[in-house]
1. How large is the dipole of the stretch 3-144 about the Cα centre if only Lys and Arg carry +1 and Asp and Glu carry -1, each at its Cβ, rounded to the nearest 20 debye?
2. When N counts the residues of the stretch 3-144, how does its alpha-carbon radius of gyration compare numerically with 2.2 N^0.38 Å, as a ratio?
3. If I stretch the segment between Lys40 and Thr20 completely, what's the gain in nm (0.36 nm per residue apart, minus their alpha carbon distance), one decimal?
4. Nearest 0.05, what FRET efficiency do Leu75 and Lys148 give at R0 = 35 Å with Cβ-Cβ as r?
5. How big is D for the stretch 1-85, in µm² s⁻¹ as a whole number, if Stokes-Einstein is applied with the Kirkwood radius of its Cα pairs at 20 °C and 1.002 mPa s?
Amino acid sequence: MTLEEAAVKLQERFQIVQRTDFRGEITLELPLAQIEPACKFAKEQLDFNFLADLSSVDNFGDEPRFEVVYELYSLNSNVHLRLKTRVSEDHLEVPSVVHLWATANWHEREVYDMMGIRFANHPDLRRILMWEGYPYHPLRKDFPLAGKPSDMPDVAFSHPAPLAGGPFVTLPSSGHIEDREPRARQVEEE
């Protein structure tokens with residue numbers, strides 16, 4: 001089965017909010033209520049037997065704010081398909097796909113840990129990178145680069161990380177972004 005054939009079969013069966021064709025890749029955006037059935041159909045009927053990745057995007061300032069992105073792959077057809085859905089900040093819950101692909105387990109835990117998006121019916125939804133009880137989600141765009149103080153000094157440092165000269169710090173100026181970018185400054189210093 002080709003990528004186009006797979007996309008057409010999904011479009012015939014499910015409500016597609018938006019289809020994006022870019023550089024030989026196809027992305028299908030589905031309503032939240034249809035993402036799990038679409039994933040199940042893609043695996044069982046279209047032979048997408050490998051979940052290569054599951055990630056999230058924070059579109060801070062937009063509503064719905066978050067996207068959950070599923071990178072599906074057919075090992076037999078050598079075809080890659082991207083499905084995605086949007087999630088409102090008011091209802092941060094997506095159906096789990098661990099029952100379809102076991103690899104979704106850690107991917108969903110990471111999205112929960114870093115973005116705060118919960119996965120309904122996940123068998124073990126707990127933090128995977130940050131410690132239990134950490135009250136923030138560090139990959140959200142409103143999380144400061146310097147970090148936030150922690151009330152758990154025995155578990156992790158309790159002061160924001162210093163950013164002076166750090167790899168993500170740009171200099172405030174009216175100049176072009178290339179002049180403020182940290183790697184450009186490092187070249188000048190050498």
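Each reported figure results from applying straightforward, stated rules to the coordinates on display, with no laboratory input. As the structure is a prediction and not an experimental result, all values here were calculated from the model. Glycine gets a Cβ as well: all are built from the backbone with ideal geometry, and neighbour counts include every protein chain shown.
1. On the way: 16 positive and 24 negative charges, 23 e Å.
Charge dipole, the stretch 3-144, about its Cα centre: 100 debye, nearest 20.
2. Working: Rg = 15.0 Å, N = 142, 2.2 N^0.38 = 14.5 Å.
Against the empirical 2.2 N^0.38 Å value, I get 1.04 for the stretch 3-144.
3. On the way: separation 20, 0.36 × 20 = 7.20 nm, distance 2.10 nm.
Computed gain between Lys40 and Thr20 is 5.1 nm.
4. Values: r = 42 Å, r/R0 = 1.20.
The pair Leu75/Lys148 has a calculated efficiency of 0.25.
5. 165 µm²/s
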